[in-house]
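Student: Quick one: the structure is below, questions incoming.
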Amino acid sequence: MGAGHAHKLYRHGHTPVHRLPAHCKLVGVFCFVLVVVSTPREAMWAFGLYALLLAAVAGAARVPPGFLLARMLIEVPFVAFAVLLPFVAEGPRVEWLGLSLSESGLWGAWNVLAKGTLGVGASVLLAATTDIRALLLGLQRLRLPAQLVEIASFMIRYGDVVADELRRMRIARLSRGFQSRGPRHWGVLAKTAGALFIRSYERGERVHLAMVSRGYSGSMPVTDTVAATRRQWTSAAALPLAALAVCLMGWLL
(Lines give C-alpha, C1' and ligand atoms only; values in the text may rest on other atoms or scores of the structure.)
Protein backbone atom coordinates (compact mmCIF):
# COMPACT_ATOMS: atom_id res chain seq x y z
CA MET A 1 0.00 0.00 0.00
CA GLY A 2 2.96 2.28 0.28
CA ALA A 3 3.34 4.98 2.85
CA GLY A 4 0.57 5.96 5.20
CA HIS A 5 -1.91 8.55 4.05
CA ALA A 6 -3.29 10.85 6.76
CA HIS A 7 -6.89 11.99 6.55
CA LYS A 8 -8.96 14.56 8.39
CA LEU A 9 -11.10 11.98 10.17
CA TYR A 10 -8.13 10.29 11.84
CA ARG A 11 -6.99 11.39 15.29
CA HIS A 12 -3.56 10.10 16.21
CA GLY A 13 -3.33 8.28 19.51
CA HIS A 14 -1.80 5.35 21.40
CA THR A 15 -4.89 4.03 23.16
CA PRO A 16 -5.99 0.36 23.26
CA VAL A 17 -8.63 1.17 20.64
CA HIS A 18 -6.01 2.62 18.29
CA ARG A 19 -3.81 -0.43 18.74
CA LEU A 20 -6.49 -2.94 17.77
CA PRO A 21 -5.95 -4.43 14.27
CA ALA A 22 -8.04 -2.71 11.63
CA HIS A 23 -9.81 -5.86 10.47
CA CYS A 24 -10.93 -6.57 14.05
CA LYS A 25 -12.41 -3.08 14.33
CA LEU A 26 -14.07 -3.36 10.93
CA VAL A 27 -15.81 -6.59 11.94
CA GLY A 28 -16.76 -5.12 15.32
CA VAL A 29 -18.30 -1.97 13.82
CA PHE A 30 -20.13 -3.96 11.13
CA CYS A 31 -21.65 -6.30 13.75
CA PHE A 32 -22.57 -3.33 15.97
CA VAL A 33 -24.40 -1.59 13.12
CA LEU A 34 -26.13 -4.85 12.21
CA VAL A 35 -27.39 -5.22 15.79
CA VAL A 36 -28.56 -1.59 15.89
CA VAL A 37 -30.51 -1.99 12.65
CA SER A 38 -32.12 -5.18 14.02
CA THR A 39 -33.40 -3.42 17.15
CA PRO A 40 -37.16 -2.69 17.20
CA ARG A 41 -37.78 1.01 16.81
CA GLU A 42 -40.25 0.98 19.69
CA ALA A 43 -37.45 0.16 22.16
CA MET A 44 -36.36 3.78 22.39
CA TRP A 45 -34.36 3.21 25.57
CA ALA A 46 -32.14 0.71 23.72
CA PHE A 47 -30.81 3.39 21.40
CA GLY A 48 -29.82 5.48 24.39
CA LEU A 49 -27.80 2.54 25.69
CA TYR A 50 -26.15 2.14 22.28
CA ALA A 51 -25.13 5.80 22.41
CA LEU A 52 -23.63 5.23 25.86
CA LEU A 53 -21.65 2.25 24.51
CA LEU A 54 -20.23 4.41 21.71
CA ALA A 55 -19.45 7.15 24.23
CA ALA A 56 -17.55 4.61 26.34
CA VAL A 57 -15.49 3.52 23.32
CA ALA A 58 -14.82 7.18 22.42
CA GLY A 59 -13.69 7.79 25.99
CA ALA A 60 -11.34 4.79 25.87
CA ALA A 61 -9.96 6.09 22.57
CA ARG A 62 -9.65 9.65 23.98
CA VAL A 63 -11.63 11.10 21.09
CA PRO A 64 -13.27 14.40 22.17
CA PRO A 65 -17.06 14.70 21.69
CA GLY A 66 -16.61 17.84 19.63
CA PHE A 67 -14.34 16.00 17.20
CA LEU A 68 -17.00 13.33 16.62
CA LEU A 69 -19.97 15.69 16.46
CA ALA A 70 -18.29 17.97 13.91
CA ARG A 71 -17.66 15.03 11.59
CA MET A 72 -21.14 13.59 12.04
CA LEU A 73 -22.62 16.61 10.23
CA ILE A 74 -22.37 14.49 7.09
CA GLU A 75 -25.74 12.98 8.01
CA VAL A 76 -27.56 16.33 7.80
CA PRO A 77 -29.24 15.42 4.45
CA PHE A 78 -30.65 12.27 6.05
CA VAL A 79 -31.90 14.34 8.99
CA ALA A 80 -33.72 16.63 6.55
CA PHE A 81 -35.31 13.59 4.90
CA ALA A 82 -36.40 12.23 8.28
CA VAL A 83 -37.96 15.57 9.27
CA LEU A 84 -40.14 15.48 6.15
CA LEU A 85 -41.47 11.96 6.78
CA PRO A 86 -44.19 12.90 9.33
CA PHE A 87 -45.63 15.41 6.84
CA VAL A 88 -45.72 13.21 3.71
CA ALA A 89 -46.37 9.71 5.11
CA GLU A 90 -49.88 8.26 5.05
CA GLY A 91 -51.92 6.61 7.80
CA PRO A 92 -53.44 7.82 11.10
CA ARG A 93 -52.47 11.35 12.01
CA VAL A 94 -51.91 13.24 15.24
CA GLU A 95 -52.07 16.94 16.01
CA TRP A 96 -48.99 18.63 17.47
CA LEU A 97 -48.62 22.43 17.80
CA GLY A 98 -51.22 22.88 15.11
CA LEU A 99 -49.48 20.50 12.71
CA SER A 100 -51.02 17.32 11.34
CA LEU A 101 -48.39 14.59 11.51
CA SER A 102 -48.50 10.97 10.42
CA GLU A 103 -47.96 8.40 13.19
CA SER A 104 -46.13 6.03 10.83
CA GLY A 105 -44.09 8.98 9.57
CA LEU A 106 -43.08 9.89 13.12
CA TRP A 107 -41.94 6.34 13.80
CA GLY A 108 -40.14 6.24 10.47
CA ALA A 109 -38.37 9.53 11.21
CA TRP A 110 -37.29 8.26 14.63
CA ASN A 111 -36.09 5.00 13.08
CA VAL A 112 -33.95 6.81 10.49
CA LEU A 113 -32.56 9.35 12.95
CA ALA A 114 -31.72 6.89 15.74
CA LYS A 115 -30.22 4.11 13.67
CA GLY A 116 -28.59 6.42 11.13
CA THR A 117 -26.96 8.57 13.81
CA LEU A 118 -25.58 5.54 15.64
CA GLY A 119 -24.25 4.06 12.40
CA VAL A 120 -22.57 7.30 11.40
CA GLY A 121 -21.15 7.70 14.91
CA ALA A 122 -19.66 4.21 14.86
CA SER A 123 -18.17 4.80 11.41
CA VAL A 124 -16.67 8.16 12.39
CA LEU A 125 -15.22 6.58 15.53
CA LEU A 126 -13.68 3.81 13.43
CA ALA A 127 -12.11 6.37 11.09
CA ALA A 128 -10.90 8.46 14.04
CA THR A 129 -8.95 5.53 15.49
CA THR A 130 -7.69 3.86 12.29
CA ASP A 131 -5.58 5.46 9.58
CA ILE A 132 -6.34 4.93 5.91
CA ARG A 133 -3.47 2.53 5.23
CA ALA A 134 -4.52 0.29 8.12
CA LEU A 135 -8.13 0.30 6.93
CA LEU A 136 -7.10 -0.82 3.45
CA LEU A 137 -4.89 -3.54 4.90
CA GLY A 138 -7.79 -4.59 7.09
CA LEU A 139 -10.05 -4.90 4.06
CA GLN A 140 -7.39 -7.03 2.41
CA ARG A 141 -7.16 -9.32 5.43
CA LEU A 142 -10.94 -9.73 5.40
CA ARG A 143 -10.63 -11.04 1.82
CA LEU A 144 -12.67 -8.33 0.14
CA PRO A 145 -12.39 -8.40 -3.66
CA ALA A 146 -8.89 -7.19 -4.51
CA GLN A 147 -10.13 -4.85 -7.24
CA LEU A 148 -12.44 -3.01 -4.82
CA VAL A 149 -9.59 -2.53 -2.37
CA GLU A 150 -7.34 -1.28 -5.19
CA ILE A 151 -9.96 1.19 -6.39
CA ALA A 152 -10.44 2.51 -2.86
CA SER A 153 -6.67 2.81 -2.42
CA PHE A 154 -6.16 4.80 -5.61
CA MET A 155 -9.22 6.94 -4.97
CA ILE A 156 -7.88 7.95 -1.56
CA ARG A 157 -4.35 8.51 -2.80
CA TYR A 158 -5.19 10.58 -5.87
CA GLY A 159 -8.36 12.30 -4.66
CA ASP A 160 -6.18 14.91 -2.95
CA VAL A 161 -4.01 15.19 -6.07
CA VAL A 162 -7.03 15.93 -8.27
CA ALA A 163 -8.43 18.35 -5.69
CA ASP A 164 -5.10 20.19 -5.61
CA GLU A 165 -5.10 20.37 -9.41
CA LEU A 166 -8.57 21.92 -9.30
CA ARG A 167 -7.38 24.41 -6.67
CA ARG A 168 -4.50 25.52 -8.91
CA MET A 169 -6.87 25.95 -11.86
CA ARG A 170 -9.16 28.06 -9.70
CA ILE A 171 -6.24 30.26 -8.62
CA ALA A 172 -5.24 30.64 -12.29
CA ARG A 173 -8.78 31.81 -13.17
CA LEU A 174 -8.86 34.29 -10.29
CA SER A 175 -5.45 35.68 -11.22
CA ARG A 176 -6.90 36.49 -14.66
CA GLY A 177 -9.85 38.34 -13.14
CA PHE A 178 -12.47 35.61 -13.65
CA GLN A 179 -15.49 35.65 -11.34
CA SER A 180 -18.44 33.28 -11.75
CA ARG A 181 -21.52 35.51 -11.47
CA GLY A 182 -24.18 33.75 -13.51
CA PRO A 183 -25.12 31.33 -16.28
CA ARG A 184 -23.00 33.23 -18.83
CA HIS A 185 -19.89 31.98 -17.03
CA TRP A 186 -20.97 28.33 -16.93
CA GLY A 187 -19.13 27.70 -20.19
CA VAL A 188 -15.80 28.53 -18.53
CA LEU A 189 -16.58 26.24 -15.62
CA ALA A 190 -17.53 23.46 -18.03
CA LYS A 191 -14.19 23.87 -19.84
CA THR A 192 -12.45 23.71 -16.46
CA ALA A 193 -14.20 20.42 -15.67
CA GLY A 194 -13.22 19.04 -19.08
CA ALA A 195 -9.59 20.08 -18.69
CA LEU A 196 -9.50 18.55 -15.20
CA PHE A 197 -10.86 15.26 -16.54
CA ILE A 198 -8.25 15.13 -19.31
CA ARG A 199 -5.39 15.97 -16.92
CA SER A 200 -6.58 13.35 -14.42
CA TYR A 201 -6.90 10.72 -17.15
CA GLU A 202 -3.42 11.45 -18.47
CA ARG A 203 -1.98 11.40 -14.96
CA GLY A 204 -3.65 8.04 -14.37
CA GLU A 205 -2.06 6.63 -17.53
CA ARG A 206 1.38 7.84 -16.45
CA VAL A 207 0.94 6.38 -12.98
CA HIS A 208 -0.17 3.03 -14.43
CA LEU A 209 2.82 2.88 -16.78
CA ALA A 210 5.16 3.72 -13.91
CA MET A 211 3.64 0.95 -11.80
CA VAL A 212 3.84 -1.62 -14.60
CA SER A 213 7.48 -0.73 -15.19
CA ARG A 214 8.09 -1.53 -11.50
CA GLY A 215 6.48 -4.96 -11.67
CA TYR A 216 2.81 -4.23 -10.96
CA SER A 217 0.73 -7.24 -12.08
CA GLY A 218 -2.80 -6.22 -11.11
CA SER A 219 -2.72 -6.57 -7.33
CA MET A 220 -0.83 -4.87 -4.55
CA PRO A 221 1.20 -7.07 -2.19
CA VAL A 222 -0.05 -7.59 1.35
CA THR A 223 2.58 -5.96 3.52
CA ASP A 224 1.01 -6.78 6.90
CA THR A 225 0.89 -10.50 7.66
CA VAL A 226 0.60 -10.31 11.46
CA ALA A 227 -2.57 -12.08 12.59
CA ALA A 228 -4.76 -10.72 15.37
CA THR A 229 -4.58 -12.47 18.71
CA ARG A 230 -7.55 -13.99 20.52
CA ARG A 231 -7.38 -11.18 23.08
CA GLN A 232 -7.62 -8.55 20.35
CA TRP A 233 -10.63 -10.27 18.80
CA THR A 234 -12.24 -10.45 22.24
CA SER A 235 -11.65 -6.73 22.79
CA ALA A 236 -13.13 -5.89 19.39
CA ALA A 237 -16.16 -8.10 20.10
CA ALA A 238 -16.98 -6.32 23.37
CA LEU A 239 -18.98 -3.54 21.68
CA PRO A 240 -21.18 -5.71 19.41
CA LEU A 241 -21.74 -8.31 22.16
CA ALA A 242 -22.89 -5.64 24.61
CA ALA A 243 -25.13 -4.20 21.88
CA LEU A 244 -26.52 -7.67 21.17
CA ALA A 245 -27.53 -8.04 24.83
CA VAL A 246 -29.36 -4.71 24.63
CA CYS A 247 -31.05 -5.76 21.37
CA LEU A 248 -32.29 -9.02 22.89
CA MET A 249 -33.74 -7.14 25.86
CA GLY A 250 -35.42 -4.78 23.40
CA TRP A 251 -37.20 -7.69 21.72
CA LEU A 252 -38.11 -9.46 24.96
CA LEU A 253 -39.33 -6.53 27.05
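The values are calculated or read from the model by the stated rules, or taken from the named source; none is laboratory data. None of these values were measured; they are calculated from a predicted model. Note: ideal-geometry Cβ built from the backbone for every residue, glycine included; neighbour counts use all protein chains shown. Just so you know, the surface numbers come from the protein's heavy atoms only, side chains and all, with ligands and any DNA or RNA stripped out. Shrake-Rupley method; radii C 1.70, N 1.55, O 1.52, S 1.80 Å.
Student: Pick out which of GLY177, GLY108, GLY13 has the largest mean-square fluctuation in a Gaussian network model of the chain, springs linking Cα atoms closer than 10 Å.
Tutor: Its mean-square fluctuation being the largest, the pick is GLY177.
Student: With each label point set 7 Å from Cα along the Cα-Cβ vector, what nm distance links GLU90 and SER38?
Tutor: 3.2
Student: Over region 1-124, calculate the relative contact order: mean separation of alpha carbon pairs under 8 Å at least 6 apart, over the residue count, as a percent.
Tutor: That works out to 29 percent.
Student: Moving on to the next point. Assuming R0 = 22 Å, what is the FRET efficiency of ARG19 and LEU142, from their Cβ-Cβ distance, to the nearest 0.05?
Tutor: After rounding to 0.05, the efficiency reads 0.75.
Student: With a length cut of 27 Å (Cα positions projected on each helix's long axis) and a Kyte-Doolittle mean of at least -1.0, go through the chain and give me the DSSP H helices that pass.
Tutor: 103-129, 146-175, 186-213, 230-252
Student: Using a Gaussian network for the chain with springs between C-alpha atoms less than 10 Å apart, which of these wobbles most: PRO183, PRO16, PRO77?
Tutor: For the chain, modelled as a Gaussian network with Cα springs under 10 Å, the answer is PRO183.
Student: Over region 23-132, give the accessible area per residue in Å² for a 1.4 Å probe, as an integer.
Tutor: 52
Student: Right, something else. Can you tell me how much longer the chain between TYR201 and PHE81 gets when fully stretched, taken as 0.36 nm per residue apart minus their C-alpha distance, in nm with one decimal?
Tutor: Taking 0.36 nm per residue and subtracting the Cα distance, the gain is 39.6 nm.
Student: Between LEU69 and SER175, how high is the FRET efficiency from 1/(1 + (r/R0)^6) when r is the Cβ-Cβ distance and R₀ = 35 Å? Nearest 0.05.
Tutor: The calculated FRET efficiency here is 0.40.
Student: Counting only protein chains, not ligands or nucleic acids, how are TYR158, TYR50 ordered by accessible area (probe 1.4 Å), most first?
Tutor: Sorted by accessible area, descending: TYR158, TYR50.
Student: As a test of reading the structure, rank MET155, MET44, MET72 by solvent-accessible area (1.4 Å probe, protein chains only), most first.
Tutor: MET155, MET44, MET72
Student: With the dipole of the chain worked out from charges on the C-beta (+1 for Lys and Arg, -1 for Asp and Glu) around the Cα centre, which of LEU139, MET169, PHE67 lies farthest toward the positive end?
Tutor: Projecting each Cα onto the dipole axis, the largest value belongs to MET169.
Student: Now a separate question. Need one value: the accessible area of ILE198 in square angstrom, 1.4 angstrom probe, rounded to the nearest 10.
Tutor: Per-residue accessible area (ILE198): approximately 90 Å².
Student: Counting only protein heavy atoms, what percent of the accessible surface of region 1-74 is carbon or sulfur at a 1.4 Å probe?
Tutor: 73
Student: Considering the chain as a Gaussian network with a 10 Å cut-off on Cα pairs, which listed residue, LEU137, LEU52, LEU113, attains the greatest mean-square fluctuation?
Tutor: So, out of LEU137, LEU52, LEU113, the one fluctuating most is LEU52.
Student: Quick one: with all protein chains in place, what share of the accessible area of region 96-253 is carbon or sulfur, to the nearest percent (1.4 Å probe)?
Tutor: That share works out to 64 percent.
Student: Let me ask something else. Solvent-accessible area of VAL37, probe 1.4 Å, all protein chains present, reported in Å² to the nearest ten, please.
Tutor: Only protein atoms counted, so the area is about 80 Å².
Student: Still on this model: Using alpha-carbon pairs under 8 Å, 6+ residues apart, how would you state the relative contact order of the chain in percent?
Tutor: 37
Student: Here's something else I'd like to know. Take every Cα pair under 8 Å in region 86-229 that's 6+ residues apart, average their separations, divide by the length, and report that relative contact order as a whole percent.
Tutor: 16
Student: Apply 1/(1 + (r/R0)^6) to the Cβ-Cβ distance of ARG168 and ALA193, taking R0 = 22 Å, and write down the FRET efficiency to the nearest 0.05.
Tutor: 0.90
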